[in-house]
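> Please see the structure below; I have some questions.
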Amino acid sequence: MKKLLSTLVIIALLVGLLGTIPVSAAGAVNVWVGSTNVIINDSVTVTIIYNGGGEGIGSLDAKFYYNTETFEYLSCTGATANGGAGVVTISYYSMEATPSDELTVTLKLKAIKPGDGNFKLTTAELCSDENTLLANHVKTVDVTASEPTLSDNANLKSLVPSRGTLTPKFDPDKTEYTISVSNSVESLSLSVTTADADAKTS
């Protein structure tokens, strides 16, 4: 009888304790990147969308990790962000009377060297305005940075002088021209268009 009573007391205590444990609601975290392969010196945008599953989002505590040898952290919108040495701490606290059940946080990073970005978002707490835990997820995104592919097309598409006449007529395969102008012309400029849209002229 004593053993049965002790067992019932323990069960009652466990039920009481379990009743105080917060239950996570159906919150969700989604992460997108503008591009999974970024060229050196270009930036990449990481969009994080938090959803409260129908409950207003009251606060957020998360960390975003990245490879500092490959990427440089630039900015964050939608939440407060601190750090930058491989870890960006993201925090948010709603000041609204009726918080929205969706929160968008946007991070911008710049590719500085070839390699893997090792992007990882760890959401420690996504809480409702009633302080209910909505979600605590870990998300990883594969992003790489690479050198630009160099074109072997160094041709011009057009060459037009601001004054005078080009001789011979423009031909991408010809590299020498003369321009005839009157004696009164003191200067002229050349308008050039490259055959490769990404090429530069000097």
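> Considering each of Ser184, Ser151 in turn, give the residue that is part of a loop (DSSP other than H, G, I, E, B) and either in contact with a Gly (Cβ under 7 Å, 6 or more places away or on another chain) or within 30 Å of Asn41 (Cβ to Cβ) (or both). Steps first, answer last, please.
Details: Ser184 fails: either in contact with a Gly (Cβ under 7 Å, 6 or more places away or on another chain) or within 30 Å of Asn41 (Cβ to Cβ) (or both).
Selected residue: Ser151, the only one of Ser184, Ser151 that is part of a loop (DSSP other than H, G, I, E, B) and either in contact with a Gly (Cβ under 7 Å, 6 or more places away or on another chain) or within 30 Å of Asn41 (Cβ to Cβ) (or both).
> How do the pairs read when you match residues in the range 149-176 that are among the small types (Gly, Ala, Ser) with residues anywhere that are not in a loop (DSSP other than H, G, I, E, B), using Cβ under 6 Å and keeping only pairs 6 or more apart or on different chains?
Ser158/Thr193; Gly164/Ile179; Gly164/Ser180
> Give the number of residues within the range 110-144 that are assigned to a strand (DSSP E or B) and free of Cβ contacts under 8 Å to residues at least 60 places away in the same chain. Break it down into steps so the answer makes sense when it comes.
Our first condition is that a residue be assigned to a strand (DSSP E or B); within the range 110-144, this holds for 110-111, 115-116, 119-128, 133-135, 138-141, 144.
Going one step further and asking which of them are free of Cβ contacts under 8 Å to residues at least 60 places away in the same chain, we end up with 115-116, 120, 138, 140.
Summing the residues that are assigned to a strand (DSSP E or B) and free of Cβ contacts under 8 Å to residues at least 60 places away in the same chain in the range 110-144 gives 5.
> A further question follows. Could you list all residues from the range 107-131 that are open to solvent by 10 Å² or more (accessible area, probe 1.4 Å) and under 26 Å from Tyr66 (Cβ atoms)? Please lay out each step first, then the result.
Just the residues of the range 107-131 that are open to solvent by 10 Å² or more (accessible area, probe 1.4 Å), to begin with: 108, 110, 112-116, 118, 120, 122, 124-125, 129-131.
Residues satisfying the conditions are Lys108, Lys110, Ile112, Lys113, Pro114, Gly115, Asp116, Asn118, Lys120, Thr122, Ala124, Glu125.
> If Leu103 passes every condition in (1) buried (at least 16 other Cβ atoms within 10 Å of the Cβ); (2) assigned to a loop (DSSP other than H, G, I, E, B); (3) not polar (S, T, N, Q) but one, which one does it miss?
Only one criterion in (1) buried (at least 16 other Cβ atoms within 10 Å of the Cβ); (2) assigned to a loop (DSSP other than H, G, I, E, B); (3) not polar (S, T, N, Q) is unmet by Leu103, namely (2).
> Now, a different point. Please state which one of Leu134, Leu150, Leu166, Leu188 is surrounded by 13 or more Cβ atoms within 10 Å (Cβ to Cβ) and more than 30 Å from Gly27 (Cα to Cα).
Numbers: Leu134 fails: more than 30 Å from Gly27 (Cα to Cα); Leu150 fails: surrounded by 13 or more Cβ atoms within 10 Å (Cβ to Cβ); Leu188 fails: surrounded by 13 or more Cβ atoms within 10 Å (Cβ to Cβ).
Going through Leu134, Leu150, Leu166, Leu188 in turn, just one is surrounded by 13 or more Cβ atoms within 10 Å (Cβ to Cβ) and more than 30 Å from Gly27 (Cα to Cα): Leu166.
> With (1) at pLDDT 85 or above; (2) part of a loop (DSSP other than H, G, I, E, B) as the list, and Lys200 as the residue in question, which single condition is left unmet?
Among (1) at pLDDT 85 or above; (2) part of a loop (DSSP other than H, G, I, E, B), Lys200 violates only (1).
The values are calculated or read from the model by the stated rules, or taken from the named source; none is laboratory data. The model shown is predicted, which means the values in this text are computed figures rather than measured ones. Methodologically, a virtual Cβ is constructed for each residue, glycine included, from the backbone with ideal geometry; neighbour enumeration extends over all protein chains shown. The accessibility values were calculated without ligands, DNA or RNA, using every heavy atom of the protein model including side chains. Shrake-Rupley method; radii C 1.70, N 1.55, O 1.52, S 1.80 Å.
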